[in-house]
Amino acid sequence: MRFRRSAAAIVAVLALALVSACNNDKAGQNGDESLQKITYLTSFNTFGREAYAYVALEKGYFKDAGFDVTIKPGSGTVDVLKLVAGGQADYGIGDFTAILITMGKQKMPVTTVGMIHQRSMAAIVALKGGSINTPQDLAGKKIGDQPGSTNTVMFPLYAKAAGIKGWETTKFVPSPPPALPQLLAAGTVDGIGQFVVGVPTVEKADPKHRQAVVLPYGDKLPDLYGNAIITRSDLAKDHPDQVKKFTSALLKGLQDTINDPEGAAKILQKYDPKRTVDGSVAELNLMKPYVKPDGFTGELGEADGERVERILKALENAGEIKPAGSLNPADVVDRDLAPKG
């Protein structure tokens, strides 16, 4: 469970560096030299939950803000953090709690400038009839997940909050994200790390048509945010206007997406034909209450300073980050740039 440089991160860095050096790769689509070129990483592949970035691209929100944006599929919070910190991407999406845990162990020159989800969507997902039905069943089980993913990084915090005895014996099996539902259906693993919005994909992949067993981390840790928008600290400091414009355009795509999931799903399919409209719509409908939970009256993308402090304290109490003073809210969230309620 310790953090270490993964082969996936190295490959991703090399791949993005090659893309940056190649003048023929214009995934930003516009080709307008007057626009500023920006590289953006999704949080995890190009699942339906990532549609909002493609909506912002397709509807011209990025272009209107002055950007030619290249969208690249991310491979989990830790890798996205490394790539943004290393300058291989300008902006990225990662789970906020995983960001805090990672930066509590290794400071990185990145900051959060907005929240995509006001609640965490991280979960362990299994199938009915299997060996996992409650959190207590997770001890000693094999969980398939991408190394460095949100679910892997956050598991000790969730396990302690859920009171799982022997949680240290839970084994996370390194697995490529697209193969996770199939590995679960085949019984190769007992469960998989997955966002709750991935449940339709998991159930569809099972030839026995079993229902999913979902263990959401947010049930035990309700204060946690979900995915957050991150950028390099120097970019936030030196070019705050750019950051505000980019974040605003991305959140405009997010608002359109939760207003019209089917329209967003069709746009995503244009950019990734493997994504079915029905599958993406199902994900986006599940995602909507995490973007704007019941009773939430704040601004889309809002980051609340007091809530960040509570999350940091919870992580300290759980032993996931060092004691007070090692990581402060200002180290991880730029309150001048993030939307406020």
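The values are calculated or read from the model by the stated rules, or taken from the named source; none is laboratory data. Everything quoted here is computed from the prediction, not taken from an experiment. Cβ atoms come from the backbone with ideal geometry, glycine included; neighbour counts cover every protein chain shown. For accessibility, only protein heavy atoms count, side chains too; no ligands or nucleic acids. Shrake-Rupley method; radii C 1.70, N 1.55, O 1.52, S 1.80 Å.
Is it the case that some residue within the range 110-118 is assigned to a helix (DSSP H, G or I) and over 19 Å from Thr46 (Cβ atoms)?
Here is the first cut: in the range 110-118, the residues assigned to a helix (DSSP H, G or I) are none.
No, there is no match, as no residue in the range 110-118 is assigned to a helix (DSSP H, G or I) and over 19 Å from Thr46 (Cβ atoms).
So, in the range 147-173, of the ones that are farther than 22 Å from Leu224 by Cβ and β-branched (Val, Ile, Thr), which residue ends up least open to solvent (accessible area, probe 1.4 Å)?
Looking only at the range 147-173, we keep the residues that are farther than 22 Å from Leu224 by Cβ, and these are 165-166, 169, 171, 173.
Cutting the leftovers down to β-branched (Val, Ile, Thr) gives us 169, 173.
On the way: Thr169: 84, Val173: 39 Å².
So the residue we want is Val173.
Looking at the range 134-152, can you tell me whether even one residue there is in contact with an Asp or Glu (Cβ under 7 Å, 6 or more places away or on another chain), basic (Lys, Arg) and more than 25 Å from Glu316 (Cβ to Cβ)?
Yes, the range 134-152 contains a residue that is in contact with an Asp or Glu (Cβ under 7 Å, 6 or more places away or on another chain), basic (Lys, Arg) and more than 25 Å from Glu316 (Cβ to Cβ).
Considering the range 174-201 alone, what residues qualify as being open to solvent by 40 Å² or more (accessible area, probe 1.4 Å) and under 22 Å from the mean Cα position of the chain (by Cα)? Talk me through it step by step, then tell me what you get.
Within the range 174-201, the first condition is being open to solvent by 40 Å² or more (accessible area, probe 1.4 Å), and the residues that meet it are 174, 176, 178, 182-183, 186-188, 190, 201.
Scanning the range 174-201 gives Pro174, Pro176, Pro178, Gln182, Leu183, Thr201.
Can you pull out every residue in the range 159-172 that is part of a helix (DSSP H, G or I), modelled with pLDDT of 95 or more and in contact with a helix residue (DSSP H, G or I) (Cβ under 8 Å, 6 or more places away or on another chain)?
Within the range 159-172, the subset part of a helix (DSSP H, G or I) is 159-162, 167-169.
Among the residues that remain, those that are also modelled with pLDDT of 95 or more are: 159, 162, 167-169.
Within the range 159-172, Ala159, Ala162, Trp167 qualify.
Quick check on my filter: what residues within the range 317-335 are surrounded by 13 or more Cβ atoms within 10 Å (Cβ to Cβ) and part of a loop (DSSP other than H, G, I, E, B)?
Ala318, Glu320, Ile321, Ser326, Leu327, Asp334, Arg335
Only one residue in Ala205, Ala186 is without any contact (Cβ under 8 Å) to a residue 24 or more places away in the chain and farther than 28 Å from Phe296 by Cβ, so which one is that? It would help to see each step written out before you state the result.
On the way: Ala205 fails: without any contact (Cβ under 8 Å) to a residue 24 or more places away in the chain.
Going through Ala205, Ala186 in turn, just one is without any contact (Cβ under 8 Å) to a residue 24 or more places away in the chain and farther than 28 Å from Phe296 by Cβ: Ala186.
Within the range 227-316, considering only helices (runs of 4 or more DSSP H) that don't extend past its boundaries, which have at least 3 residues that are open to solvent by 30 Å² or more (accessible area, probe 1.4 Å) and farther than 27 Å from Thr46 by Cβ?
Numbers: elements: 233-238, 240-259, 261-271, 277-291.
Correct list: 233-238.
Scanning for something part of a helix (DSSP H, G or I) and buried (at least 24 other Cβ atoms within 10 Å of the Cβ), does the range 123-146 turn up at least one residue?
So far as the range 123-146 goes, yes, one or more of its residues are part of a helix (DSSP H, G or I) and buried (at least 24 other Cβ atoms within 10 Å of the Cβ).
Out of the range 87-109, which residues are over 19 Å from Pro147 (Cα atoms) and open to solvent by 40 Å² or more (accessible area, probe 1.4 Å)?
Selection gives Gly87, Gln88, Lys107, Pro109.
Can you find even one residue in the range 67-79 that is under 24 Å from Asp260 (Cα atoms), open to solvent by 10 Å² or more (accessible area, probe 1.4 Å), over 17 Å from the mean Cα position of the chain (by Cα) and among the polar types (S, T, N, Q)?
yes
Out of curiosity, is Lys204 part of a helix (DSSP H, G or I) and under 20 Å from Phe47 (Cα atoms)? So that I can check it myself, show each step before the final result.
Details: part of a helix (DSSP H, G or I): yes; under 20 Å from Phe47 (Cα atoms): yes.
Taking the combined requirement at face value, the residue satisfies it.
When you look at Val214, is it open to solvent by 20 Å² or more (accessible area, probe 1.4 Å), more than 16 Å from the chain's Cα centre (by Cα) and closer than 29 Å to Asp304 by Cα, yes or no?
Details: open to solvent by 20 Å² or more (accessible area, probe 1.4 Å): yes; more than 16 Å from the chain's Cα centre (by Cα): yes; closer than 29 Å to Asp304 by Cα: yes.
Criteria met by Val214.
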